[in-house]
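Down below is the structure, laid out as structure tokens.
The values are calculated or read from the model by the stated rules, or taken from the named source; none is laboratory data. Quick caveat, the model's predicted, so the values are computed rather than measured. FYI the Cβ positions are ideal-geometry reconstructions off the backbone, even for glycines, and counts take in every protein chain you see. Just so you know, the surface numbers come from the protein's heavy atoms only, side chains and all, with ligands and any DNA or RNA stripped out. Shrake-Rupley method; radii C 1.70, N 1.55, O 1.52, S 1.80 Å.
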Amino acid sequence: MTSAAPRLPALIEALGQRAPRGMELGLGRVREALSALGDPHEGLPAVHVAGTNGKGSVCAMVESIARKAGLRTGLYTSPHLSRFAERIRVEGETIGDAALERALAAALERVPSPLTFFEALTVAAFVAFREADVDLAILEVGLGGRLDATNVISAPLCTAITSIALDHQAVLGPTLADIAREKAGILKPGAPAVLGPLDPEADAAIEAAAQAIGAGPRLRVARAERVGSAGEIAVGRGGRGARVAGPGRREIEVELGLRGAHQAENAGVACGIAWQLAERWPEVERALAGGLAAARWPGRLERIDAGGARVLLDCAHNPHGAQALAAWLDEEGPGAALTTLVFGAMADKGWGEMLQMLAPRAHRRLYVTPKGRAAAPLDALREVAPGEAIGDPRAAVARAIETAGPGGLVVVAGSIYLVGEVRSALLGIAADPVVTL
């Protein structure tokens with residue numbers, strides 16, 4: 001920590017102590033806290049993004065595009081990989097220690113009621129964005145949407161829902177339609193919305209919610225060669241590139257900074273958002289290609305060279321994410337004979353289905369126990385697919401690197417907490433305490 005923020009370690013410790021309260025969905029405490037701080041979120045030009053998977057990537061793309069256009073940006077995402085500060089970024093950089101200290105002090109000490117961990121960081125983000133006088137804030141939903149702390153934004157410039165898949169059913173509901181309705185809670189009267197490729201059941205639920213509140217026009221991303229309707233964005237791909245066509249004969253072909261075939265669809269959502277922003281800032285449209293090419297998002301098909309071996313970190317932590325990783329391995333990986341999988345997952349995730357997708361793509365599997373809440377039992381993982389129970393993630397990755405061999409690839413996946421721990425170790429980052437919600 002720098003000398004400019006002498007109280008920051010104590011504030012971070014106090015923030016971490018809020019985590020055992022877990023999730024307490026609702027907007028009342030956040031609104032009360034923001035009111036006490038002068039409502040820093042009011043009047044903030046914002047983009048609000050929800051979705052099961054892809055929302056962080058879309059936020060990173062939109063932020064990169066806006067910054068290329070010359071806008072002063074604020075980016076709020078979750079979870080972090082190493083440090084709490086990663087969740088709040090200004091102009092593409094993690095918030096500095098002094099600014100984080102001021103924002104956390106406001107969120108932890110100057111509000112009427114104690115906030116949860118996520119609520120406090122959300123309030124701190126709004127305080128930081130006001131202090132930094134950002135032109136545009138890009139906000140990623142933490143969980144769901146309707147009752148997520150970020151949903152205090154009443155008039156976003158644009159909203160987006162990237163994908164709907166079964167995840168967090170105990171909180172969001174058992175069906176795709178239930179989950180879609182919760183995520184549709186971010187839609188606002190008059191605000192345009194961009195929707196990624198959705199299952200018909202989820203799309204119908206979102207459309208009903210949009211009509212009920214009088215949401216603005218909807219743009220839907222479709223896997224197609226050309227635009228089929230006025231409200232459609234057509235997306236194609238080739239290599240690391242994406243071809244995106246939208247209303248008004250808009251069309252762009254660009255190499256993407258983020259790996260994976262699924263990123264072409266995320267780029268379609270990002271383009272839809274950018275086209276909406278261009279109505280206010282025309283320079284945003286001109287910055288599309290450069291912004292998409294420059295976008296980076298740590299822990300998402302991120303490659304790190306370590307000990308002479310290639311390590312691929314991917315935050316696939318549910319079956320939908322594992323499917324995208326499996327597709328990348330099929331298309332761009334070195335093959336199962338040269339791939340080692342280091343896998344660990346939370347017990348409340350679909351780890352069996354995830355492992356069934358990933359195990360055939362690796363000749364060797366090392367099973368670990370990520371830090372945090374209850375993890376999938378190692379013996380249960382071995383029942384799904386034979387492998388070696390190591391337990392400690394760092395020890396498993398070290399062994400995988402040592403035995404990878406020429407051309408070998410070590411894939412680390414199954415839990416965001418696992419990726420964060422391994423990434424911190426490989427890059428020598430001093431990590432904040434692990435927080436699970």
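Two decimals is fine: what is log10 I(q)/I(0) at q = 0.12, 0.20 Å⁻¹ for region 90-221, from a Debye sum with one equal scatterer on every Cα and no solvent? The Cα Debye sum returns log10 ratios of -0.54, -1.12. Using a probe of 1.4 angstrom and keeping all protein chains present, the accessible surface of the chain works out to 38 square angstrom per residue.
Leaving out ligands, DNA and RNA, what percent of the accessible area of the chain is carbon and sulfur, probe 1.4 Å? Please list the in-between numbers first.
Values: 8190 of 16730 Å².
Roughly 49 percent of what the probe reaches on the chain is carbon or sulfur.
Entry note, region 85-210: relative contact order of 19 percent, from Cα contacts under 8 Å with a spacing of 6+ residues.
So what's the net charge close to Gly291: Lys and Arg +1, Asp and Glu -1, counting the other residues with Cβ under 14 Å from its Cβ? Once positives and negatives cancel, what remains is -1. Remark: relative contact order (region 224-319) = 19 percent; criterion is Cα-Cα distance under 8 angstrom and separation of 6 or more residues. Arg259 contributes about 70 Å² of solvent-accessible surface, heavy atoms of the protein only, 1.4 Å probe. With all protein chains in place and ligands, DNA and RNA left out, the 1.4 Å accessible area ranks Leu157, Leu166 as Leu166, Leu157, largest first. Projecting label points 7 angstrom from Cα along Cα→Cβ for Ala430 and Arg249 puts them 5.8 nm apart.
Extension gain, Glu42 to Ser113, is 23.5 nm, computed as 0.36 nm per intervening residue step minus the present C-alpha separation.
What separates the Cα centres of region 118-175 and region 337-390 is a distance of 30 Å.
Residues of region 166-188 falling in the label zone of Leu27, defined by backbone nitrogen less than 15 Å from a point 7 Å along Cα to beta-carbon, are 182-188. Against the empirical 2.2 N^0.38 Å (N residues), region 146-230 has a Cα radius of gyration ratio of 1.08. For region 56-152, the relative contact order works out to 32 percent when only alpha carbon pairs closer than 8 Å and six or more residues apart are counted.
Along each principal axis, taking the top coordinate minus the bottom one, the Cα set of the chain gives 55, 55, 40 Å in descending order. If the limit is 24 Å between Cα atoms, which of Lys183/Lys349; Lys68/Lys183; Lys55/Lys188 go over it? Over 24 Å apart, Cα to Cα: Lys68/Lys183. Using a Gaussian network model of the chain in which every pair of alpha carbons under 10 angstrom is joined by a spring, one finds that among Gly291, Gly420, Gly352 the greatest mean-square fluctuation is at Gly352. Under the simplified labelling scheme, the Arg303-Ile213 pair shows an inter-label distance of 4.1 nm, with each label point 7 Å from Cα along Cα→Cβ.
Report, for the chain, the % of DSSP beta bridges that are antiparallel, rounded to 5. Intermediate values should be presented prior to the final figure.
Numbers: 23 of 61 bridges.
Within the chain, antiparallel bridges account for around 40 percent of the total.
The candidates Lys188, Lys371, arranged from most to least accessible area with a 1.4 Å probe in the full protein assembly, appear as Lys371, Lys188. GNM on the chain, alpha-carbon springs under 10 angstrom: the most fluctuating residue among Pro112, Pro197, Pro319 is Pro112. For Lys371, a cut-off of 12 angstrom between C-alpha atoms picks up these aspartates and glutamates, skipping any fewer than 8 places away in its own chain: Asp392, Glu421.
Per residue, the chain reaches -11000 deg cm²/dmol at 222 nm when only DSSP H runs of four or more residues are counted, each adding -39500 (n - 2.57).
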